[in-house]
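Nothing in this text is a laboratory measurement; each read-out follows from the coordinates by a stated rule. Everything numeric in this text was worked out from a predicted model, so none of it was measured. All Cβ positions, even for glycine, are placed from backbone atoms using ideal geometry, and neighbour counts span all protein chains on display.
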Amino acid sequence: MFYKSKTSSSHANPFFSSLQILFDQAQRSVKQQLHNFVKEDVRKFKETKKHFDRVREDMEIAQVKNAQAPRNKPHEVEEAGGTLSITRKCFRHLALDYVLQVRHGESSLENKLNVP
């Protein structure tokens, strides 16, 4: 029952073709941005995570050594306590860096994808 004119369909084809081109360009742009994000930001994140894990293990070792230090040898207790103190400070600093790296990655991804 609907009458379809030839002129309306001939005008619609270029319009849909233009939309398809715009969609393809947007898709390629998002794909490239995600590729760059994975290539750069995720690699940095993984490096920071590895470093964080190493320092965490060092802190656990320092805690064990501090707990096992013989209390009748004040020099060993003092050395183990100093090592633990330094390792804790390093761990706290690196934990903040790690959280900052995670937040930066999240915000970077949101900005690249324009997610509110």
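The dipole here belongs to the range 38-116: it is taken about the Cα centre, uses +1 on the Cβ of Lys and Arg and -1 on the Cβ of Asp and Glu, and is about 80 debye. Please enumerate, by chain and number, the aspartates and glutamates with C-alpha under 12 Å from the C-alpha of K44, excluding those fewer than 8 residues away in the same chain. Counting by Cα, and skipping residues close in sequence, K44 has these aspartates and glutamates nearby: D97. Cross-link reach is defined here as a Cα-Cα straight distance under 18 Å, omitting same-chain residues fewer than 8 places apart; for K31 the aspartates and glutamates meeting it are E40, D41, E106, E110.
Working from label points 7 Å from Cα in the Cα-to-Cβ sense, the H35 to L96 distance is 3.8 nm.
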